[in-house]
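Comments concern the structure below.
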Amino acid sequence: MTFERKDVSKLGSDWNDTLIWYAKAVGKLKERPLASRTSWRFLAAMHGFNEVLWAAHGYYRNGEALPSDSDKARFWDQCQHQSWYFLPWHRGYLASFEAIVRSVVVELGGPANWALPYWNYFDPDSRSVPPAFLQKTMPDGSPNPLFVEARYGDGQGNFIVLPGDVSLNALKDHAFIGGNTGGNTGFGGPDTKFNHGKGVNGHLESDPHNTVHGLVGGLEDEDHPDDRTTYGLMSIPATAALDPIFWLHHANIDRLWEVWRNRDPQNLDPTDPSWLTGPADRKFIVPDAIGEGISFTASQMLDTKAAPLNYTYQDISDPLAGSTRKKIRLTGLRLLSDAPMVNFLDIKSAGGQVATELLGANNNAIKLSGGVSQTRVTLDKSSSDKVNDSFESVKLFSATPKEPDRVFLNLENIRGKNDAAIFYVYVNVPNGENPQDHPENKVGVLSLFGVSDASKTDSAHGGAGITQVFEITSLVDNLQLDQTQLSDALQVQFVPRNTVKPEHNITVERVSVFRESL
């Protein structure tokens, strides 16, 4: 049987049959002991486990029996972040969870074709967390297993994903695999070994994945950032999967992988054996509906309609109507209002080798706090000239036009204590003006999901923090149209989306700019 995952906002009433059965099954899974491979808490711990945080939120009692050391080593703390395994690992994880929930639904007398719905927060009518997750009781008056206390949103009772908070820009990237050298991070993330969370975010992981985690989880007490027990469950990787909305969020992320694969023939999954069969250093494993461990690889996660997945999505149509990552406008054509647009992405030579070069960086680490923070990135003239020349060399009637350089803004080694912090990032806003009055200068959204653990020097993450990359090629293109070109510096500004305070100690070790060319 092939199961269909449907848009939660298209299922009818707030308390439709799909969510009622989901709530009942979640309630049963929560009753199972932590050590049971098919319990709510065991499944959540596969994404991440922190004894202190779990105890503070009431999900672990001192002295409670834990799984065997073997089970913990094999199943727990597996989630792949900042990695090209981000998508295939979460797909296998989601499929395991869905199968276990479905088995409980059937045991309770529910439909055998039950499937996990997805939350499409890009739909203007579905910007908020679905109402069934925000009510303390179910329609029959019983406690609602989908409601959790530790879900704080913006701190004012709002759980809204605004249009400017997330984008579908990741869908415009044709490359699945990204790099760690300052250029494109790829739709699916950089080539890594087993990676439980450190390094460079892939495009889809950074936006919308990370942002939605922070917007939903939030922070209850901004004055005591060292007390991580005041963060919403969704804000921290080690607690995120304890919130029932986690699974609908990740169903949407998984759906976007299918959207990406179907929207353009150039969008291809990796064929590298180390991705298809890896990682070699630790195998992925999930429990089936009766708790038996099943190992899986990325190669088994490619066809959702085939075993072991057996599902489809209600809608994988292209929300961008074929739009590519950019349409570079030719230098000097500003006066030609009817001049055609040239999509140089389509003429990029197949198999071309991409090289990255540092254009420049700021001089010191920058601290981000409650107001607008900014830094100046000084650019090397000879390197900037290469970028300018790459745009100037593009000729409308050239027989073999070449794509201009791509330019990327890197926020390197971000560290801090506020996992829920979110910033809008702007480049070259006119002096003295409000960045938010210049949406054309906004280059992306920075979300710090996972930053606390990645900042700890005594953890497996080594204290390196996380790195975020934004493509700013379109902004450079606009400079060309204004005939100002890329000059000696760029001004980068950070505007907090939610509450951020100096004591959150958020720093960006270096802000740099790289070019990427064939």
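The values are calculated or read from the model by the stated rules, or taken from the named source; none is laboratory data. Please read these numbers as outputs of a predicted model, since none were measured by experiment. Quick reminder, even Gly has a Cβ in these numbers, built from the backbone with ideal geometry, and neighbours come from all protein chains shown.
Within segment 26-39, being more than 19 Å from Leu134 (Cβ to Cβ), touching a residue at least 40 places away in the same chain (Cβ under 8 Å) and of a type outside the set (D, E, K, R) holds for Leu29, Ser36, Thr38. Might you check whether a residue that is in contact with a Ser or Thr (Cβ under 9 Å, 6 or more places away or on another chain), assigned to a loop (DSSP other than H, G, I, E, B) and either small (Gly, Ala, Ser) or on the phi > 0 side of the Ramachandran plot (or both) occurs anywhere in segment 136-144? No; the residues of segment 136-144 include none that is in contact with a Ser or Thr (Cβ under 9 Å, 6 or more places away or on another chain), assigned to a loop (DSSP other than H, G, I, E, B) and either small (Gly, Ala, Ser) or on the phi > 0 side of the Ramachandran plot (or both). When you check Asn144 against the structure, is it closer than 26 Å to Leu309 by Cβ and modelled with pLDDT of 95 or more, yes or no? Spelling it out, it is not the case that Asn144 is closer than 26 Å to Leu309 by Cβ and modelled with pLDDT of 95 or more.
Beta carbons closer than 6 Å, at least 6 apart along the sequence or on distinct chains, pair a first residue in segment 271-287 that is closer than 14 Å to Thr192 by Cα with a second that is surrounded by 21 or more Cβ atoms within 10 Å (Cβ to Cβ) and of a type in the set (A, V, I, L, M) for Trp275/Ala298; Leu276/Ala298. Can you name the condition, by its number, that Trp21 falls short on among (1) outside any loop (DSSP other than H, G, I, E, B); (2) free of Cβ contacts under 8 Å to residues at least 60 places away in the same chain? Going through the list (1) outside any loop (DSSP other than H, G, I, E, B); (2) free of Cβ contacts under 8 Å to residues at least 60 places away in the same chain, Trp21 breaks only (2).
Would you check if Thr297 is at pLDDT below 95, among the β-branched types (Val, Ile, Thr) and either surrounded by fewer than 20 Cβ atoms within 10 Å (Cβ to Cβ) or in contact with a His (Cβ under 6 Å, 6 or more places away or on another chain) (or both)? So that I can check it myself, show each step before the final result.
On the way: at pLDDT below 95: no; among the β-branched types (Val, Ile, Thr): yes; either surrounded by fewer than 20 Cβ atoms within 10 Å (Cβ to Cβ) or in contact with a His (Cβ under 6 Å, 6 or more places away or on another chain) (or both): yes.
So Thr297 fails the test.
Under 9 Å between Cβ atoms, which residue pairs at least 6 apart in sequence (or on different chains) link something in segment 121-141 that is without any contact (Cβ under 8 Å) to a residue 40 or more places away in the chain with a partner that is loosely packed, with under 13 Cβ neighbours inside 10 Å and part of a strand (DSSP E or B)? Going by the 9 Å Cβ cut-off, the qualifying pairs are Lys136/Pro143; Thr137/Pro143.
Residue by residue through segment 55-83, note down the ones that are in a helix (DSSP H, G or I) and touching a Leu at 6+ places or on another chain (Cβ under 8 Å). Before the answer, list the steps.
We begin by selecting, within segment 55-83, every residue in a helix (DSSP H, G or I); these are 55-56, 69-75.
The one that is in a helix (DSSP H, G or I) and touching a Leu at 6+ places or on another chain (Cβ under 8 Å): Lys72.
Residue pairs whose Cβ atoms lie under 8 Å apart, sitting 6 or more positions apart in sequence or on different chains, and linking a residue in segment 224-237 that is at pLDDT 85 or above and assigned to a loop (DSSP other than H, G, I, E, B) to a partner that is surrounded by fewer than 16 Cβ atoms within 10 Å (Cβ to Cβ) and charged (D, E, K, R), do not occur here.
The rows are residues; the columns are (1) of a type in the set (S, T, N, Q); (2) buried (at least 23 other Cβ atoms within 10 Å of the Cβ).
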| residue | (1), (2) |
| --- | --- |
| Ser36 | yes, no |
| Arg61 | no, no |
| Gln82 | yes, yes |
| Glu107 | no, no |
